[in-house]
1. Can Asp437 be described as modelled with pLDDT of 80 or more and either within 22 Å of the chain's Cα centre (by Cα) or not in a loop (DSSP other than H, G, I, E, B) (or both)?
2. Looking at segment 31-60, which of its residues are among the β-branched types (Val, Ile, Thr), open to solvent by 10 Å² or more (accessible area, probe 1.4 Å) and under 20 Å from Tyr175 (Cα atoms)?
3. State all residues of segment 455-468 that are closer than 28 Å to Arg24 by Cβ, crowded, with 16+ Cβ neighbours inside 10 Å and not hydrophobic (A, V, I, L, M, F, W, C); if no residue qualifies, say none.
4. Can you name every one of the helices (runs of 4 or more DSSP H) wholly within segment 160-236 that holds 2 or more residues which are under 19 Å from Ala333 (Cβ atoms) and at pLDDT 90 or above?
5. Where residues in segment 147-159 are modelled with pLDDT under 90 and not polar (S, T, N, Q), which of them is nearest to Tyr75 (Cα to Cα)?
6. Pick from segment 362-411 the residues that are within 22 Å of the chain's Cα centre (by Cα), among the aromatic types (Phe, Trp, Tyr) and closer than 18 Å to Leu346 by Cα: which of them is modelled with the lowest pLDDT?
7. I'm trying to understand the selection: among the residues of segment 345-361, which are open to solvent by 50 Å² or more (accessible area, probe 1.4 Å) and modelled with pLDDT of 65 or more?
8. Of everything in segment 13-44, what is part of a helix (DSSP H, G or I), within 27 Å of the chain's Cα centre (by Cα) and of a type in the set (Gly, Ala, Ser)? Give them in sequence order.
Amino acid sequence: MQPASAMASFAAKYTDDEVEEISRLMNMAKEEGLFRTVKGCIIGALCSDLRIVEVAVHPGFEDAPRCVDLYVDRYIVHEPAKTRGSTRLGSNGVCVSRFPLSSTRQQRFSWTIFSDDQHKTRRTVMPRNSLYDSFKMPDGRHSHFGNIMVVKSNSDGVVVDVCERDLYFIEVLVYGYFEEHSKLGWYALDSRASSMVLPEIRRRIFTTLSTFIPSDSIDEFFDVLKSSEGLICGSVARHILLPYTVDSNNPSSSKAAPIPRDLNIVVGPDRNEMLFSFFTGLSYSDEKVSLNYHVDSYAYALYLQASLITVSIGKSTPINTLTSFPTTAEMNAVTHDAIYSLYPRLTYANEGLLVEKDDSVDMVEAMQHVGGGVVISRTNSHWTRECGPYCPMMSRKTYDDKGVARYRWSPWRDDLTWYNEFGNSVHDGPGRAVVVDEDLMYSDLCAWRVLDRCTNAHCDHSLKADRRELFVNL
């Protein structure tokens, strides 16, 4: 059975019949085994009443989908566009874990409200939501444009079906929220993945950084990095994870890789002054440079003899900059209390994929930029097993990402501080115990993908991609 030709356009629809047709097609895709679906509630701009509809789950997240793992854009986005590279999700939804909003008691379910994040600037093309207007009492102040989607999650953050008895509560919730808040912004998405502690990490970090920073100043450097909310990336981060090279002629042998001669640091907007002051105190001189290689940042180069430090000031958060790099080989980071690798399987194989978002990035240029003998590929057709959480066409999210490798450490102690599942330190022995700060992966809600198509013949996502794209904008 083929879907209707209307599926060629993925723009949001607003009437009862149009919304029901989208839901019917989502259900058809589920019956064909292309997606898992959950039931959400749509408050259609031109609908006569609240409706329960089928919403497809992002491939790879079927077992325990979260509110950010759903194709809600089929219902709410007026002008859809193919997602490539990294996308910030911070303004198209809000997760409400307690209602009334002032309540301090825990509740069984949380509710996520989605809307087109550009509805404030598209009033000429998006219809005013007359169904929302019907909720309003005489003291109601706000109007809404376009559709509103609400999904329901349990106490573990896993999406569950909306049912008929939820509809009046959803009406009250949405009206109460929009009357108190004029726009959406994520909050209350609070959870942590478990962490590992490797004492070897501390030794590697101090040994590598001593090329650029005197050993007795590295503690101070990480204090400054923490205050600047910055991270170390690039060749130094890769070297800390992969300090050895393998002889291609004799794979059983390895030798220590040379320590990189350039240190790359990324900070957010207006967060660079403390770092500049620190490096100026170490006699570095600075010069503003142009960065044509990666997006959304400008940079200063700091020089001291043969050492080069590049401080990139991103236009958004450091994690958004990290997930925007042109290759997966660069998606590694060191912070003041952890080291991260977004693609550890590729990193430890000394491989990488070129992100399919910028045709101007040349393959040779990418390999030279990353250095270290890493092999960069345009596709994953050579992979010999299922992709798992590293599938390059999956829409991965920073919150609760299942593919990131995360190793805890601290520059301020020689003993280990282990962290329980709630992120609290459990100190054992002498030294300075450090409580984990907000995890880098939770510092901003971003989604990113590497390729428009997975070409791994062993991956289910690759085999179903063509059929899935008939139903949703992959």
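The values are calculated or read from the model by the stated rules, or taken from the named source; none is laboratory data. In this text, all values refer to a predicted model and were calculated from it rather than measured experimentally. Every residue, glycine as well, gets a Cβ built from its backbone with ideal geometry; the counts of neighbours run over all protein chains shown. For accessibility, only protein heavy atoms count, side chains too; no ligands or nucleic acids. Shrake-Rupley method; radii C 1.70, N 1.55, O 1.52, S 1.80 Å.
1. Values: modelled with pLDDT of 80 or more: no; either within 22 Å of the chain's Cα centre (by Cα) or not in a loop (DSSP other than H, G, I, E, B) (or both): yes.
No, not satisfied.
2. The initial filter retains those residues of segment 31-60 that are among the β-branched types (Val, Ile, Thr), namely 37-38, 42-43, 52-53, 55, 57.
Retained after the next criterion (residues that are open to solvent by 10 Å² or more (accessible area, probe 1.4 Å)): 37, 52.
The one that is among the β-branched types (Val, Ile, Thr), open to solvent by 10 Å² or more (accessible area, probe 1.4 Å) and under 20 Å from Tyr175 (Cα atoms): Ile52.
3. Step one: list which residues in segment 455-468 are closer than 28 Å to Arg24 by Cβ, which gives 460-468.
Next, only the ones that are crowded, with 16+ Cβ neighbours inside 10 Å stay: 461-462, 464-465, 468.
Residues satisfying the conditions are His461, Ser462, Lys464, Arg468.
4. Numbers: elements: 167-180, 199-209, 218-227.
Hits in segment 160-236: 199-209, 218-227.
5. Taking segment 147-159 first, the residues modelled with pLDDT under 90 are 155-157.
Now narrow it down to the ones that are not polar (S, T, N, Q): 156-157.
On the way: Asp156: 25, Gly157: 22 Å.
It comes out as Gly157.
6. Tyr407
7. Step one: of segment 345-361, the residues open to solvent by 50 Å² or more (accessible area, probe 1.4 Å) are 345, 348-349, 351, 356-360.
Within segment 345-361, Arg345, Tyr348, Ala349, Glu351, Glu356, Lys357 qualify.
8. Residue satisfying the conditions is Ala29 alone.
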